[in-house]
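Taking it in order: structure first as structure tokens, then the write-up.
Bear in mind these aren't lab numbers, they're just calculated from the coordinates by the rules spelled out. Since we're looking at a predicted model, the values are computed, not measured. Neighbour counts run over all protein chains shown; Cβ positions are idealised from the backbone, glycine included.
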């Protein structure tokens, strides 16, 4: 190595000897104490016993559940990682494609796993549910699934 | 060395070097896969590839950056320097696998161009901790690509060693960006102390090695030499130079290697024309000075590579005063023949 190059190396590494530890320690100090993952609710409601209807897509399994006292529940099993920025779950009683139908936000999906959502009381009387998945970040629909017995 | 450019000039040493590298990489892949299955059984193939390629590239980058100062501090490590460029190209390939899979995995399922998405999915450019770490990885990959693509001797020769070396010092910018890429990326989500500890140890080791090697050499560079009235500078006592080896001195920033061989003395520039390697750390093999970095050869008496090669280095005048070797630091043009100083003849005149 020539003298000029040696001096350049020393200058570079003297700078890095200061800059690298500063960047390293600053980033280290900012590591959050706990990584919060709010995509799964803290406590999942337990599954209602009666399966009223089921529907499947390659990535999801949707189950409409009920119990003897007319309670209703939507269970979504995420089987493959979602490929959208976000996935909000909406319930409606209208047919697929009826954009005017009132939609009720149930919650959102995250990593693979089982999600259970309470549904509006009025849903118990509806023979068919329309479940819409919506990407809230990109503002576009992902999928619409009809769930009927 | 070679007259014609070939993709790779294979020899036994290079094959052994690459073989050892492949064995090391194979063991790493095996170990990483087994640990992933044991610790994180919920993994996907894409995630495994991204993490394995990225971490292995980081390990290789540390090894690559450690070889230079290690070889300058201890000649035994010159062995590792010989085929470092294969290590570098391999590291780039691994980094490219990591980068491409990460971009496909995290950016390809939207209506935005994946490359645009790398720059726009996180726009906290004004924050240090929330800085888009993927952008740092992206620019590192660009620099690594330029280095890998220009690693062949064809580019070294056409760009000239000075430009080529400057381009390849971009690896230090890459290292800085990669450390921050890891610290602002995966480390922010990592609860285990192992990864951050390993990275910290690697970083401190590299800094220490480079500074130690640099300070050692700068001390040699600035040492004042005794000069005689006719401009000659004292090199060493004749017995202090080992046979077929050299004594290196630096005068006014010029590094000169004085070789002792066959009871003769010759002085040439210490800088190899190939990659500015230290000729004075090499030895005389088959009558030629042989660069320890890549085996380029020069005749000691005229600084010319043996035919058909065309590389030439500067030569210098020497004189013996008693048992003392003195050199005139004014260089002759590259490849100028100078009569070697005969040791026995001079010794007889004491």
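Annotations for the structure displayed:
- Euclidean distance between Cα centres, segment B:148-208 to segment A:107-126, Å: 48
- What the Cβ-Cβ distance of residue B:106 and residue B:310 gives, at R0 = 56 Å and to the nearest 0.05, is a FRET efficiency of 0.65.
- Relative contact order (%) - segment B:104-151, alpha-carbon pairs under 8 angstrom, separation at least six: 20
- Taking other Cβ atoms within 10 Å as a rough exposure proxy, B:155, B:326, B:215 sort from fewest to most as B:215, B:155, B:326.
- In range of the label at residue A:14: residues from segment B:177-218 whose backbone nitrogen is under 17 Å from the point 7 Å along Cα→Cβ: B:207-218
- Averaged over B:186-193, number of beta-carbon atoms from partner chains that fall within 10 Å: 3
- 10 Å Cβ neighbours from other chains, averaged over peptide B:171-180: 3
- Cα-based helix-to-principal-axis angle, B:45-73 vs chain B, degrees rounded to 10: 20
- In the elastic network of chain A, a GNM with C-alpha springs shorter than 10 Å, the most mobile of A:15, A:104, A:114 is A:15.
- Per-residue packing, averaged as other Cβ atoms within 10 Å, sorts the ranges B:58-66, B:100-108 into the order B:58-66, B:100-108, beginning with the highest.
- Three semi-axes of the equivalent ellipsoid, the protein assembly as shown, Cα gyration tensor, whole Å, largest first: 69, 20, 18
- Each of B:334, B:230 was scored by other Cβ atoms within 10 Å of its Cβ. Listed from fewest to most, they are B:230, B:334.
- Highest mobility in the GNM of chain B, judged by mean-square fluctuation with C-alpha springs under 10 Å and restricted to B:55, B:305, B:192, is found for B:192.
- From helices alone, chain A scores -6500 deg cm²/dmol at 222 nm; the rule is -39500 (n - 2.57) for each run of n ≥ 4 DSSP H residues, then divide by the residue total.
- Taken residue by residue and averaged, Cβ atoms of other chains lying within 10 Å of the Cβ of A:8-15 number 6.
- Rel. contact order, % - alpha carbon contacts under 8 angstrom, at least six apart, segment A:50-147: 28
- Beta bridges by DSSP in chain B, antiparallel share as percent, to the nearest 5: 100
- Residue among B:280, B:185, B:137 with the largest mean-square fluctuation in a Gaussian network model of chain B, springs linking Cα atoms under 10 Å: B:185
- Ellipsoid equivalent to chain A - semi-axes via the Cα gyration tensor, in Å: 52, 17, 13
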